[in-house]
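No lab work stands behind these numbers, since they all come straight from the coordinates. Note that the structure is a prediction, hence the values are computed from the model and not measured. Cβ placement follows ideal geometry from the backbone for every residue including glycine, while neighbour counts extend to all protein chains displayed.
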Amino acid sequence: MSGRFLVFDGVDGAGKGTQIALLRAVLEGRGHVVHVTCEPSDWPIGAMIRRYLRHELTEGVPGWQAMALLFAADRMQHNEHEIVPRLSRGEIVICDRYDWSSLAYQSAMRGEDVAEMDRALEWIAVINGQARRPDLTLVLDLDPELAAARRAARGGEEELLERLDLQRRVRAQYAKIPGLRPHDRHVTIDASRSPEEVHADVLAALDAR
Ligand SMILES: Nc1ncnc2c1ncn2[C@@H]1O[C@H](COP(=O)(O)OP(=O)(O)OP(=O)(O)O)[C@@H](O)[C@H]1O
Ligand SMILES: [Mg+2]
């Protein structure tokens with residue numbers, strides 16, 4: 001029996017963690033075994049990426065290409081050692097960010113030139129071509145300024161990829177992914193509303209499938 005693989009994606013502060021906690025409670029209440037995980041993962045490559053994002057590792061800071069390759073390598077390790085084995089055991093795996101994040105963020109890091117960002121998007125799709133496809137990707141769409149306000153309220157240090165101009169490009173890149181990955185099942189949800197309203201849409205999207 002194979003489980004179900006669900007991914008939450010969207011700009012920083014869109015409410016992924018909030019929605020994953022709400023969904024987990026519902027699915028566990030229905031008797032499912034739920035495993036929540038995130039990317040960058042807790043495996044060694046993921047841990048190194050997080051140190052770069054938090055400015056803890058300052059030697060050899062990767063540019064967008066090396067960063068995209070690190071994320072892709074972390075993703076394959078995460079697939080091999082955690083995601084795929086749990087799906088094989090019939091668990092529901094919920095992942096906080098997956099390859100749509102790589103597509104959106106690393107292509108946005110490429111710079112402001114739209115044609116170059118789009119070429120980057122295509123290359124990042126290729127290097128993630130072996131990653132297990134989610135059964136559903138839920139993209140929480142939110143204006144980056146609103147997301148920044150939510151993050152400020154939450155507190156904590158600003159990370160490497162959180163600058164507002166970059167977040168604006170990231171949001172625009174997310175919107176292009178369905179055209180690039182036509183076989184990925186996805187739903188885009190308006191995340192500007194209350195957690196309860198967003199949660200209701202999440203459940204409706206899952207129950208519709
Ligand atoms: N629908 C909502 N309306 C208002 N505030 C929200 C909503 N959802 C989450 N928040 C708050 O916004 C902040 C960011 O939410 P959360 O941490 O869930 O986002 P995230 O997408 O996981 O962010 P990150 O990518 O930075 O981890 C939190 O303080 C959370 O309580
Ligand atoms: Mg989060």
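Got a sec? How would 5, 71 order by Cβ neighbour count within 10 Å, fewest to most? Result, fewest neighbours first: 5, 71.
What you get for the chain, charging only the Cβ of Lys and Arg (+1) and of Asp and Glu (-1), is a dipole of about 460 debye around the Cα centre.
Farthest toward the positive end of the dipole of the range 57-209, out of 206, 117, 71, is the Cα of 206, where the dipole comes from beta carbon charges about the Cα centre.
Ordering of 87-95, 187-195 by packing is 87-95, 187-195, highest average first (other Cβ atoms within 10 Å, averaged per residue).
Charged neighbours of residue 51, selected by a Cβ distance under 14 Å, balance to -4 (K, R count +1; D, E count -1).
In terms of packing, defined here as the mean over residues of other Cβ atoms within 10 angstrom, the peptides 20-26, 34-40 line up highest first as 34-40, 20-26.
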